[in-house]
Structures are given as C-alpha cells and as structure tokens.
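Quick notes on the structure that follows.
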Amino acid sequence: MTFADLLPELTLAEKAALCLGSTFWHTAPVPRLGIPALMLSDGPHGLRRQPDGNQAGISGSLPATCFPTASALGSSWDPDLVRRIGAAIGAEARDHGVSVVLGPGVNIKRSPLCGRNFEYFSEDPLLAGVLGEAHVTGVQSQGVGACVKHFAVNNQETDRLRISADVDERALREIYLRHFERIIVRARPWMVMCAYNRVNGIRASEHHWLLTEVLRGEWDFDGVVVSDWGAVRDRVAALSAGLDLEMPPNLGVSDTAIVAAVHDGTLDEKILDQAALRILRLLDRAQPSADPAVIDHDAHHRLARAAAADCAVLLKNDRDILPLRPDAGDTIAVIGELARTPRFQGAGSSQVNPTRVEVPVDALRALVPAAVAVDFAAGYRLDGDDDEQMSVEAVDLAGRARAVVLFLGLPAGAESEGADRRHMDLPGNQTALLTRLAAVNTDVVVVLTSGSAVRLTPWDRHVPAVLETWLAGQAAGGAIADLLLGVANPSGKLAETLPHRLQDTPAYLNFPGEHGHVRYGEGIFVGYRGYDAVGRDVAYPFGHGLSYTTFAYHDLTVTVTGTTADDLAVVVTCTVVNTGLRRGKEVVQLYTGHPAGPPRELTAFAKVDVAAGAREHVTFHLDADDLSSWSSRHRRWLLDGGTYTISVGASSRDLRLTATVDLPKTPVDAPLTGESTLREWLADPSGAARLKAAIGVDADGKPVGVLADPESLTVLGDFPLQALAAFPRFGISQAAIAEVSDVA
Ligand code: BGC
C-alpha cells in the first residue's frame with residue numbers, strides 16, 4: 001500500500017489541507033490515515049534546518065557544513081564536484097530528517113547587480129544546467145529530494161514579489177528556461193519552486209503555461225511544484241495553474257478557498273486530486289531510509305576545503321608571483337579585515353550555520369614553512385568608514401614585508417537576498433588602501449571575496465596578481481592558504497563576465513525596471529553573448545582563469561554524420577597538453593557560432609586533470625539540440641543550417657583552435673498561404689512553380705507581373721502575397737492565391 005493509494009480515502013477538506021503546509025517547513029499530515037508530515041529545509045549550499053522553537057527565523061539554524069555558494073561552484077565548471085557536494089548536503093539532510101532540500105538556485109545572472117547572484121551559478125544556461133543537474137543528482141542520491149528554484153525568470157530582487165519580467169519567447173527558451181529543462185529532464189528533481197515574480201504579466205505561481213504546459217507537458221516533470229515562501233496570492237488560480245503545495249501555509253484561508261471553489265464549481269475537483277496525488281507520491285518517494293546516514297563532519301569539511309580551492313579564479317598572475325615562495329626569515333604581510341573576519345556566504349534564506357570556520361590569516365600561518373612570519377594588519381574597516389590609523393599601520397607593515405596578501409571584498413551588507421546592489425564597486429576605503437600599499441610594495445597579491453562580479457578596473461593594474469575566491473564556504477580560509485602557497489593549483493574559470501564598467505553590461509538600460517515591469521531588452525544577448533555581439537572590451541571574459549601551469553591545444557577535428565536534424569551527430573576532438581611544470585586542471589571550452597545566433601555560445605565543456613608534460617584527448621558529442629535556436633515564428637527548436645564555427649579554447653576570448661562546418665537546416669512544415677511572403681514562396685520549389693504558373697508568362701514566354709523584374713524582389717520580397725494582390729500590375733489576384741495556397 002502506498003500513500004498514493006490513499007487518495008480515494010481523503011475527504012475534500014483533507015485534500016485541500018494537503019495542498020498547504022502545516023507549519024513553516026512541514027507538509028500537512030493526515031493522522032487518521034497514517035499520512036505523515038514531510039520536512040523541507042533551505043539549501044542550497046548547505047542545510048538550513050531551523051530549530052523547532054525558531055521556525056520562521058533566518059539565523060540560528062542547526063549546525064551544518066557550509067559549502068561554497070553557487071557563485072563559487074559555478075566557477076569550478078566541475079559537475080562531479082558539485083554532485084559530491086550535493087550528496088554531502090543530502091546526507092546531512094537525511095540525518096536531520098529533512099525530506100527535501102530547497103535548492104539548487106539556478107537563475108541566470110542577467111545583471112551583476114542582482115542581490116542573489118551569489119546563490120546562482122552562471123550567466124550561461126549550459127553551465128547553470130550542467131551544474132544544477134549535478135547538484136540535484138547528488139542530493140537525490142541520498143534518498144532526499146532536491147527542489148530546483150526559482151521557476152522562472154527570477155533575476156533580480158528589486159520588487160521581487162510583484163515585478164513582471166517581460167521577456168521575448170526566444171530569450172525565454174534559450175536563456176531563461178533551457179537549463180531548467182536540462183535539469184528536469186535529466187536529473188528528475190522531486191520538486192520545483194515557482195518564483196515570486198510575474199513572467200510577461202502573469203504571476204509565476206499562477207502561470208499555467210510555465211507550470212503545466214511547459215514543465216509537465218513538454219518536460220514531463222513528475223514531481224511537486226511548491227510556491228516560493230509567500231508567492232501565492234490566489235490559491236485557487238495557482239492550483240489551477242499547476243501549483244501543488246503552498247508554503248508557508250495560509251491556514252484557514254487557502255484551504256477554505258479551495259473547498260469553496262470546488263463547491264461552487266469554479267475549481268474542478270480533478271485538479272485538486274491531481275495536486276494531492278503528487279504530494280502523496282512525494283511522500284512515497286521520501287520514505288525514511290532503513291540505514292540512517294552517518295555523517296563524517298570532518299570529511300565534509302575537507303570536501304568543502306578542496307571544493308573552495310577548485311572554485312577560485314586566478315584572474316591575473318604577472319611575473320608568476322603566485323604561488324608565494326617565501327624563504328626562511330621572510331615576512332608575509334596579510335592585510336585586510338576580511339582575512340580575519342572572513343565572509344564566506346551570503347545573507348538571507350540560504351544562510352547556513354557552519355560547523356566550523358577557517359580564518360584565512362590563521363590558515364596561512366599554519367601552512368607557511370617554518371621561520372616565515374605572517375604578520376597581520378586589518379587595514380580598513382568593514383563598515384566603509386575611513387580610518388587613517390589603520391591605513392598607516394598597514395602601509396608600514398607592507399613596506400617591510402617580502403610580499404603582501406591583501407584581502408578585499410564586498411562587506412556583508414552589500415549583497416543579500418531581498419535587495420539588489422546599486423553599483424559594482426568595492427568600498428572606496430579598500431581600493432584607496434590598495435593604492436597606498438602598491439606604492440610601497442611591488443608584490444601585492446589581492447584575494448577577492450565577493451558573491452558576484454565586482455569592478456576591478458582600474459585598481460587591478462596596480463597589483464601583479466588577483467585571486468577571486470567568491471563566497472567559498474566555511475573552509476575558504478584553508479583553501480586560500482592552499483592556493484597562495486601552491487598546495488593547490490587554481491583551476492576555476494569565470495562563470496560570469498567581469499566587465500570594465502556597470503554601464504557596459506547588456507542589461508544596463510533595463511535593470512531593474514520601473515512601474516512593476518522590467519523589460520529584458522537585451523533578449524538573448526545576456527552576459528558574454530552581449531559583450532561579444534557588440535565587440536565590447538571586458539576586464540576578464542567569461543571562461544577566463546589562470547593556472548600555475550600552462551596548457552596548449554592541438555589537433556582539432558570535427559566529424560559530421562547525418563543529414564537531418566534527427567540524425568545529425570557532430571563529434572569534436574582535440575588534445576590538451578600540460579606544457580608547464582606542475583599538475584593542473586584545465587576547462588576545455590567548446591563554443592559554436594552561426595549566423596542566426598550570438599557570435600559564440602558555450603556548447604560543451606570538460607574539466608581535465610593533466611600531469612605536467614602529459615596530454616589529454618578530449619571528445620565532445622553534439623547533436624542538433626545542442627546547435628538549435630528557438631524559432632518564435634514556428635514555436636519550436638530549429639537548426640538554422642549554414643556555416644557554423646566550432647572553437648575550443650581556454651576562455652570565450654581565448655579560442656585556441658577553430659573549424660567551420662556546414663550543417664543542414666531543419667525543414668519546417670510551414671504551409672504556404674496568402675500570409676507567406678513572396679520570398680518564402682519563391683524559396684520553395686513547388687510553391688515557386690505554382691506561383692509562376694498562376695501569374696503566367698507573356699507572349700514570348702517571359703515572366704510578367706511581380707516576377708518580371710528580378711530586382712523587384714529586393715523591394716517586394718517581404719510582402720505577403722495578400723498584400724501584393726492589392727496592386728493589380730503585379731499579376732497576383734485573390735483568386736490565384738486561393739488556388740495555389742497549401743491551405744484555404
Ligand atoms: C526564498 C527561497 C527560500 C524560501 C524559504 C524565500 O524567500 O526566495 O529561496 O527557499 O524563502 O526560506
């Protein structure tokens with residue numbers, strides 16, 4: 001007997017109650033039938049299980065491993081790592097009796113200003129999709145559900161419960177839904193959380209097209225759709241749209257409204273049954289496991305440390321100044337309050353209460369060779385106020401040190417759920433200090449801590465090295481020490497572009513909107529797609545990241561088999577050689593471009609671990625889906641056909657090898673009618689023949705009417721036949737159109 005079998009036993013009121021929670025974090029039990037309540041808890045980068053006495057609070061959750069946030073994990077480009085972290089979070093959840101972890105957050109980083117970017121992976125849907133899929137797979141490998149959020153087009157915090165994200169269908173499909181599709185189809189999450197915002201005017205919680213037609217109809221989602229906490233306004237409309245579970249429960253209101261709507265006929269009881277059944281099936285999936293999880297918190301901490309090291313992006317490293325190679329007797333100056341008071345996660349619902357925290361300056365002290373001194377000066381205040389005394393102490397220390405490690409970053413108040421940032425700059429007191437330190441010591445290495453893109457121009461030119469560590473979890477301090485001293489080799493690559501200026505960002509003119517609407521005016525040209533399309537110089541491009549070793553790319557081959565979109569297979573191979581002196585990981589990135597799309601789009605990638613001097617052969621398998629774009633006219637994915645460029649390289653702007661291939665176009669079954677243009681008629685061999693026959697020829701057999709002058713195609717080619725019929729001299733009559741059209 002399953003819980004799903006109990007559906008017929010439930011009364012109307014019980015079914016309505018089941019579609020709301022019973023507490024802030026629990027589904028509703030039905031004790032009469034032995035149906036238990038399930039517990040949900042926040043993620044995504046660790047478990048936030050609130051203690052029973054403080055359910056609605058944000059702080060004070062039970063201790064759990066705080067892994068790197070998605071901003072950091074995005075830069076790992078390593079699905080296996082993300083899967084292992086997901087599994088660790090799933091195990092901790094199971095240990096706490098939590099059935100579903102509310103994550104991963106996979107929204108696209110449309111603007112660097114989004115206050116929640118630290119919870120999201122990337123500006124690119126492929127990268128966000130691959131990593132989101134890995135996270136879900138990892139969590140669910142532990143018998144615990146994952147909940148992909150926030151569905152959909154939730155790309156800002158400003159007015160987040162009311163704003164309408166107004167986005168065209170191509171951008172919606174190619175950028176804002178594509179990764180959700182991948183995660184749902186491939187990883188089969190137990191739950192999807194709807195977003196707070198509206199999408200093209202309709203609340204996501206009441207969006208039938210999103211929640212039912214696309215999510216279930218097209219992608220075959222078989223789990224539960226839960227509301228974001230407080231996203232439901234009209235419970236009956238939401239239920240009809242496909243939203244199964246309302247959280248937190250609006251008890252006594254929503255359940256009453258559901259029952260009343262069934263009674264007065266405005267809600268078909270079958271819809272309620274479906275939602276109740278999905279929740280019962282969730283209960284069946286979430287059966288407590290026979291073998292309770294045994295949590296090795298030390299092992300999870302070690303995983304968090306290794307992960308944080310794999311996420312850091314070495315943005316620049318002039319003179320190979322990193323890793324630091326201090327000699328006995330040297331002093332390393334560690335400067336910056338953030339080295340002592342680290343910031344390793346963001347604020348809001350994702351905030352984990354860590355099991356322990358590694359402090360960077362302590363971790364460095366523990367790792368430097370004997371007889372190397374690590375001296376510390378705070379240098380600046382985190383509240384942004386100037387403090388001359390602190391600056392002077394830091395400058396003094398820098399002046400007598402062999403090298404300076406300067407910790408800069410966004411203070412906690414700068415990034416949080418609930419608010420967008422207003423600019424991309426670091427606090428002025430920090431960059432002012434940097435200039436003063438660089439004047440007394442040429443070897444200043446900046447360690448950056450931020451959950452989203454910050455502006456590095458122009459301060460980065462004053463220092464030889466910058467290591468962006470993001471918000472990398474409770475073990476970030478140790479990982480930073482490992483990276484600075486070469487125990488670990490950086491292998492992170494930017495999952496988001498770092499522009500020179502906020503004004504350069506593609507969404508700049510349309511963020512965060514006004515009067516309840518934000519227009520996604522840049523369309524598909526989000527992130528690097530936009531910078532590349534207009535040829536804009538950026539500080540550090542998407543995909544960029546250095547290593548302590550170097551890689552060369554050789555032998556690109558591209559083999560195309562198949563002639564139709566159905567059987568097309570493109571196999572791309574290349575060889576990556578580690579040309580440096582130490583082992584390192586390289587992210588081999590494959591970009592494709594074609595005339596109907598942005599200059600290049602990430603189409604596949606692989607992170608490879610290569611010993612010094614060794615080579616790795618990399619193979620990518622692409623099919624038509626990987627190369628298609630969304631046709632708003634035909635409302636489907638199409639291979640546009642024509643010449644495609646296929647490049648592999650170390651970043652979106654460091655393409656090492658490029659080939660071109662000609663690919664077929666997906667034939668579209670578009671009937672020729674009076675609304676089809678002259679050009680469309682003439683492009684179709686049968687249509688052209690029929691049209692020519694209908695227009696006829698002159699006595700000498702030469703074309704007449706609109707076909708008499710081939711140059712007229714330039715002016716008239718985009719006219720639908722119906723419009724041409726208004727001009728008698730073109731020789732196309734309404735009767736002729738009716739005769740030759742495919743459909744009447
Ligand atoms: C957030 C969700 C979160 C939920 C529960 C909401 O405010 O948007 O991401 O899972 O609260 O805490």
- Sequence order, the stretch 493-509: Karplus ³J(HN,Hα) from phi using 6.51 cos²θ - 1.76 cosθ + 1.60, θ = phi - 60°, Hz rounded, Gly and Pro as x, gives 10, 4, 8, 8, 5, 9, x, 5, 9, 4, 4, 7, 6, x, 8, 3, 6
- Item | Net length gained if the chain between residue 579 and residue 698 were fully extended (0.36 nm per residue, minus Cα distance) | 35.6 nm
- Query: What is the distance in Å between the Cα centres of the stretch 556-585 and the stretch 1-75?
  - Reply: 44
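How large is the charge dipole for the stretch 422-507, taken about the Cα centre, if only the Cβ atoms of Lys, Arg (+1) and Asp, Glu (-1) carry charge, to the nearest 20 debye? Walk me through the numbers on the way to the answer.
Values: 6 positive and 7 negative charges, 41 e Å.
Computed about the Cα centre, the dipole is about 200 debye.
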- Message: Can you give me the Kirkwood hydrodynamic radius for the stretch 482-557, using every pair of distinct Cα atoms, in Å to one decimal?
- Response: 15.1
- Query: Which of the pairs 109/585; 15/270; 493/585 have their Cα atoms more than 18 Å apart in this structure?
  - Reply: 109/585
- Item | ³J(HN,Hα) computed for each position of the stretch 580-585 - Karplus, 6.51 cos²θ - 1.76 cosθ + 1.60, integer Hz, glycine/proline x | x, 9, 9, 4, x, 10
- Note on the structure: Of all DSSP beta bridges with both partners in the chain, the antiparallel percent, nearest 5, is 60
- Note on the structure: Evaluated at 37 °C and 0.692 mPa s, the Stokes-Einstein D of the stretch 291-342 based on the Kirkwood radius over Cα pairs, in µm²/s, stands at 220
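Enter the accessible area per residue of the stretch 221-343 (Å², integer; probe 1.4 Å; all protein chains in place).
Dividing the accessible area of the stretch 221-343 by its residue count gives 40 Å².
Show me the ranking of peptides 179-192, 687-700, 121-134, 376-389 by mean Cβ neighbours inside 10 Å, starting with the highest.
Averaged packing, sorted descending, gives the order 121-134, 179-192, 376-389, 687-700.
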- With no solvent and one point on each alpha carbon, what is the Debye value of log10 I(q)/I(0) for the stretch 257-354 at q = 0.14, 0.15, 0.16, 0.17 Å⁻¹? -0.92, -0.98, -1.04, -1.10
- Once the Cα atoms of helix 178-187 and of the chain are each reduced to a long axis, what angle between those two axes, in degrees from 0 to 90 to the nearest 10, is obtained? 80
- Note on the structure: Calc'd 3J(HN,Hα), the stretch 389-394, phi into Karplus 6.51 cos²θ - 1.76 cosθ + 1.60 (θ = phi - 60°), Hz, glycine/Pro = x, comes to 4, 5, 4, 4, 4, 5
- Per the charge dipole of the chain (beta-carbon charges, Lys/Arg positive, Asp/Glu negative, Cα centre), the residue among 428, 98, 176 reaching farthest to the positive end is 428
- Query: In Å and whole numbers, how far do the C-alpha atoms of the chain stretch along each principal axis, longest first?
  - Reply: 102, 71, 48
- Note on the structure: Placing +1 on each Lys and Arg Cβ and -1 on each Asp and Glu Cβ in the chain, then taking the dipole about the Cα centre, the residue among 142, 360, 283 whose Cα reaches farthest towards the positive end is 360
- Which of 483, 469, 498 sits closest to the plus end of the dipole of the stretch 432-502, meaning its Cα is farthest towards the positive end, when Lys and Arg get +1 and Asp and Glu get -1 on the C-beta? 498
- Report, ordered by chain and residue number, the aspartates and glutamates lying within cross-link reach of residue 316, taken as a straight Cα distance under 19 Å and ignoring same-chain residues fewer than 8 apart. 425, 443, 460, 468, 482, 496, 537, 586, 654
- Note on the structure: Ranked output for segments 65-77, 87-99, 585-597, 472-484 by mean other Cβ atoms within 10 Å, highest leading, reads 65-77, 472-484, 87-99, 585-597
- Message: Charges at C-beta only: +1 for Lys and Arg, -1 for Asp and Glu. How large is the resulting dipole of the stretch 1-134 about its Cα centre, in Debye rounded to 20?
- Response: 200
- Query: On the accessible surface of the chain, probed at 1.4 Å, how many percent belong to carbon and sulfur atoms?
  - Reply: 52
- Note on the structure: Semi-axes in Å, largest first, for the stretch 559-624 (Cα gyration tensor, √(5λ)) are 29, 14, 8
- Would you work out the charge dipole size for the chain about its Cα centre, treating the Cβ of every Lys and Arg as +1 and the Cβ of every Asp and Glu as -1, and quote it to the nearest 20 debye? 800
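The values are calculated or read from the model by the stated rules, or taken from the named source; none is laboratory data. Model, not experiment: these values are computed from the prediction. Using ideal geometry, Cβ is built from the backbone for each residue, glycine included, and neighbour counts are taken over all protein chains shown. The area values use the complete protein model at the heavy-atom level, side chains included, leaving out ligands, DNA and RNA. Shrake-Rupley method; radii C 1.70, N 1.55, O 1.52, S 1.80 Å.
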